[in-house]
Structures are given as C-alpha cells and as structure tokens.
1. Quick one: in region 432-453, of everything that is buried (at least 24 other Cβ atoms within 10 Å of the Cβ) and β-branched (Val, Ile, Thr), which residue is farthest from Leu400 (Cα to Cα)?
2. For a quick check of your reading of the model, give me the residue pairs whose first member lies in region 133-156 and is in contact (Cβ under 8 Å) with a residue 40 or more places away in the chain and in a helix (DSSP H, G or I), whose second is of a type in the set (Lys, Arg) and open to solvent by less than 10 Å² (accessible area, probe 1.4 Å), with beta-carbon atoms closer than 6 Å and at least 6 apart or on different chains.
3. Give the residues of region 545-563 that are modelled with pLDDT under 70, loosely packed, with under 11 Cβ neighbours inside 10 Å and part of a loop (DSSP other than H, G, I, E, B), sorted by residue number.
4. Using beta carbons and a limit of 6 Å, which pairs, at least six apart or on different chains, have the first residue in region 424-445 and assigned by the TED database to the domain that holds Leu376 and the second one aromatic (Phe, Trp, Tyr)?
5. Any idea which residue in region 492-505 is nearest to Phe317 (Cα to Cα), counting only those that are open to solvent by 10 Å² or more (accessible area, probe 1.4 Å) and β-branched (Val, Ile, Thr)?
6. Out of region 531-544, which residues are exposed (fewer than 11 other Cβ atoms within 10 Å of the Cβ) and modelled with pLDDT under 80?
7. Among the numbered criteria (1) open to solvent by 20 Å² or more (accessible area, probe 1.4 Å); (2) of a type in the set (Phe, Trp, Tyr); (3) assigned to a loop (DSSP other than H, G, I, E, B), which single criterion is violated by Phe289?
8. Considering Arg252, Arg269, which residue is among the charged types (D, E, K, R) and closer than 19 Å to Gln506 by Cβ?
Amino acid sequence: MYGRYTQDLGTFAKDEAARLRLQQGHGEGDTPRPRRPSELLEYTQGRCAPCRVCALQCQRFFISKVGEDWVFLILLGLVMALVSWAMDFAIATCLQAQKWMYGGLDTNVLLQYLAWVTYPTVLITFSAGFTQILAPQAVGSGIPEMKTILRGVVLKEYLTLKTFVAKVIGLTCALGSGMPLGKEGPFVHIASMCAALLSRFLSLFGGIYENEARNIEMLAAACAVGVGCCFAAPIGGVLFSIEVTSTFFAVRNYWRGFFAATFSAFIFRVLAVWNKDEETITALFKTRFRLDFPFDLQELPAFAVIGIASGFGGALFVYLNRKIVQFMRRQKTINRFLMKKRLLFPALVTLLISTLTFPPGFGQFMAGQLTQKDTLVTLFDNQTWAKQGLSDEFEYLGILEAWRHPRSNVFVTLVVFILMKFWMSALATTIPVPCGAFMPVFVIGAAFGRLVGESMAAWFPDGIHTDSNTYRIVPGGYAVVGAAALSGAVTHTVSTAVIVFELTGQISHILPVMIAVILANAVAQSLQPSLYDSIIRIKKLPYLPELGWGHHEKYNVRVEDIMVRDIRYVTLNCKYRDLQHVLQSTKMKSLPLVESAESMILLGSIERAQVGALLSHQLSPQRRLQALRQKVLAEDGHRLSDASIRFQVRRAAAS
C-alpha cells in the first residue's frame, strides 16, 4: 500500500515537471531556452515561497493591529467630537436665526409673535416627520433602549446607519427650535450607534470585532463617550454611563471608557478654540466663586433643604411625565386621532410653549428670551441679584437684563420660571422627536438653587458672621448645588455631582453638592423609579428593573410561582395536524420546541409568525405543482426501468 502510494506520487511529480517544461516552450528532450527578465522575475517569485509567507504574515499583523482597542476608541472619540461640535454649531445657528428674526421685526409685535411661534413649530414638525419616516426608533432619549441592549436583548434597527442619520438630524432641529429639551440621552444613543457602525466596518478586516461580547464592551465605552463629548466631562461621563446603563460593570472596560471619553472631550474643546469660540480649553460654564471661603458650615442646612426638596421635585417630574404619556394613550379618541395626525401633537405642544415664552407677553416674567445655555450662564453668576429683596439694587447688564422686571422682583421671576419650566419640560419630553430630559431638569434645578441662594442673601445681607469675619453668601453656589441635586434625583445617579464640577471648572462646593445629591437620591428612589426606568415601563421593553425600597420580600418569589405550566409546544416529529392544532389552540407569539413529548427536552423556540410562514410556503400552489412533477417523473422513470428490464429478458430468451 505504502509502495504504491510512493510510486503514484513519483509519477505525479514527473508528469507535473513535464507539463511545466511544455508550458515553458520546450519538450522533454530539449534543453531549456534562456528566459527573459520578466520570466526570470516570475520564476524567482515562484521559487521564493518564504517571502510570500512573510508578506502574508506582515499583512495579517497590520490588519490585526487595525482592529485593536486603542485605534477603535480613537476613531470613536474623534467621530463623536466632530458630530457634537457640528451639531452645536448648527443648533447655535438656528437659535441665532430665531433671535435675528425676532429682533428684526421689533416695529410690529404681531409679526414678532408670528415669527417667534412659527419658527420652532416648523422645526419641531420637520423633526417629528423626518424621524417618523426614516427611523421611528430614533424617537426619545435612547438611554432606556441602551440599558435593554446592554442586558443582552437584541432590539432591531436601533443601532443602524438609518437610525443614526434620523437621530442626528432630528435632534439638531429639535434643539434648534429652542424648546426645553436636552441632548445628553440622545448623545448616548448616537455614540452607541457610532460604535456599532465602526465595529461593523472594522470587522471587515477580521480581528476581535467579529466577537459579539467585545461589541457589548465597546457599546459600554460608547455610552461614556456620549456624555463626555456632550458636556466635555469625561470623568462624570464614565461614571454617569455606568450608573444609568449597567447593573454590573466589568473593570476591564474602565480604561476604555476613560480613554475614549477624554479624547472625545479634548477634541470637542479644541474645535471650540479652533472656531474662536473660546480662547483656550476651559469648562463650558466656567464659574468664578471665591476659593478662600466658598461657604460657611452654617449654610449646610440650606444645602440639605435643597437636596430634600429636589428629591421630591425629581419624583414629581417623573410621575408627571409618565401620567401625561398614559393619559394620551388611555384616551382612545385622542389616541386614535393623534395616530392619524402624527404631526399635530408636536405642533400643538410647540405652539403652546412658544406662546407662553413670548418675551413681550408672559415670557417677560420668566426670562423667556434666554436659551438654555444663556440661562445657565446667568444662574451660575456669582453676584447677588437682589439684596434685602429689592431688585433695583443690582445693575443688570447684558443677558442678565432678562431676569429684571420693573413691576416685580427677582423672586417672582424665579418662582414663575421654575413652575412654568417644570410642566413645560415634562410635556415637551413626550413629543415624538429625538430629545432628552437631563438638560431641562438641570436648568430647573439651577433656578431652584438660585432662588434659595437669593433668599439666603436677602435674609443675611451682610453674610454669616464667623470669628468676626464677614463673608457674603454666593447664590451661584446654591444654583450649582440645585442643578446637581435635581438632575441626580430624576436620573437616580450620584455622578451628576462630578458632571457639575467638570462643567463649572470648580470643586469649591464639593461637600454641599455631595450632601444635596445623596439626600435627593434617597428621597427620589423611595418614591418613584428613575426617568429611564419609567420610560422602559411605558414602552414595555424586555428589562427587569431593580427592586425599590419596601419590595425586598419579592426576592423570595420563585420562577415556578409565576410561570404558566399548561403551554402548547412543538416536537421534532410532529405532523401537520399537530401544528395546526397548536396554532389554533394558543395565541402565544413564540412556541417552545422540544425533542419529544416523552423527554420534554427544550431545544429552543420558534415564533408563531415564522411557523405560519413556513406552513404557507410548504403548502403553496408552487410547491404542490413541484411535488406532482416529481411524482410523475418518478413514476415515468419506474416504468422505463421496468420496460428495459422486460426488453432485456426477452432478448435473452430469444437468443
């Protein structure tokens, strides 16, 4: 056996050598003719197999390095920084256009009103229509869906290029309208979609991104990038993404989140310097509070009051937001009408809010002409607006003029602003456009903190005396505390304290901020779920929320206590009649597939719609005609074979 194999191998080698000689132009007995230089090069390359192997190894090494984590994270941070800067530029341009239209029509109040109302209505309507047509999955924040996806649930069309385009354009138009909407939640979704698209692109080169588990890790890092490039707050972004999207977090992802978020925030601020928006890389809302004595210990009870009140306010905001959505869904007449006229609801809400914020109208009592960014800049101002309750003792300059009204003091303006913006933001976040709720809540919290700070400054006009030293109260510090506390209460996070420090560039109020945020979380978590968990319940996403306070006895509930035992199933050897009986006797969307009725070993599940489609395909007229043709051909072949056998038998008998 072995000898025959060697002989065959030698014969094959000889034949192959002869074939090569014939291809080169000479026969077996001829001497090889001289080769031209091109042929000599091909011959040399053919003989130099180790060189080809080396080149292939170098190529594989380069391709594998392209797929390494650091390259992916740099690309992710760079792309998200560019997207964030471009969107901010477009949003600022839209808001400036609205101011230009409003200011150019100052001779006619009616035309001013029409311009003030029509501009945001058109933008919101376009955003809602564009999103609904291109990708309805882009509506809303995106953080609830990311919480579900990071739990391992596959949500179709949530991380596609189509949804990315709809989210970016829809969010730009929504924020450019000036409505009380935020961008942090949508940016988490945008960064996750960007990471998914980059993973899909880099998987073409092979490497680690063909692994689904690694893609989940990159999505976790992308959530940090979304917050980091939104507020230029990389540390708070990483912590916030961990708190709102993960029940557990792999420590090996820590450096990925920090690296990508830091790089993204750095590029985002460098672009602002390049565009001459800033002189150097600074915080977005830089404050200048005194550092030698930022607050007195006797002010800590006031900060604690801000925290407790913010906890109740955050729970009320989540409750109000959920009740608005449930009311719209339970009223069948309204729901049916709005389903037919999808763009009517966002247009009406925008019309109502823009009418109330019209500066010559009711907006003069709530600083209606200020954008969210301008509002935060004024609220974080370290000067005291009202001394001893009189609004005319402080000289309002620039955008601070919006808070001054000749017939009321600053306390009335702040109270009206807080009350109106509270329900406006809860209503605006229900509009079917890409939007978040973090920034409006952040602004409301800052206004509430400013109100408490101004009240303290009025009660103690000369400051609180300590050791014969007098330090005036800084209301801007109270605004920082209130912003962190209310946003932390709504989202059930503590990392908003770190985000505030990075936003303002100062940590002088670190102790009161942490006290207020912890107290606000303690109150809010005992009353309501977080805003993201509330949206998960409204949308009925497949997500198991954490058990709140007072529900720890539910840990003793077992699966057998809630499971349904009488379930129709499909076996491997079931017949058509059995499948029809299962489909007719149950309305379950998914059917379990078991090995047999005796063993009941679960093999998987199959969707009801898929079973129906398979049955329809198998019993379609085309399949029946094909089966009849095969049957006729089989019968004809059988007859021909019988005839040939009989013919051969007769010929044999005749011979």
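1. Out of the qualifying residues, it is Val433.
2. Close Cβ pairs (under 6 Å, with a partner that is of a type in the set (Lys, Arg) and open to solvent by less than 10 Å² (accessible area, probe 1.4 Å)) amount to Ala138/Lys167.
3. Those that are modelled with pLDDT under 70, loosely packed, with under 11 Cβ neighbours inside 10 Å and part of a loop (DSSP other than H, G, I, E, B): Trp549, Gly550, His551.
4. Filtered contacts from region 424-445: Ala426/Phe317; Ile444/Phe422.
5. The residue in question is Val494.
6. If the condition is that a residue be exposed (fewer than 11 other Cβ atoms within 10 Å of the Cβ) and modelled with pLDDT under 80, then Leu544 is the only one that fits.
7. Going through (1) open to solvent by 20 Å² or more (accessible area, probe 1.4 Å); (2) of a type in the set (Phe, Trp, Tyr); (3) assigned to a loop (DSSP other than H, G, I, E, B) one by one, Phe289 breaks only (1).
8. So the residue among Arg252, Arg269 that is among the charged types (D, E, K, R) and closer than 19 Å to Gln506 by Cβ is Arg269.
The values are calculated or read from the model by the stated rules, or taken from the named source; none is laboratory data. Keep in mind it's a predicted model, so treat the numbers as computed, not measured. Neighbour counts run over all protein chains shown; Cβ positions are idealised from the backbone, glycine included. Calculation scope for accessible area: heavy atoms of the full protein, side chains included, ligands and nucleic acids excluded. Shrake-Rupley method; radii C 1.70, N 1.55, O 1.52, S 1.80 Å.
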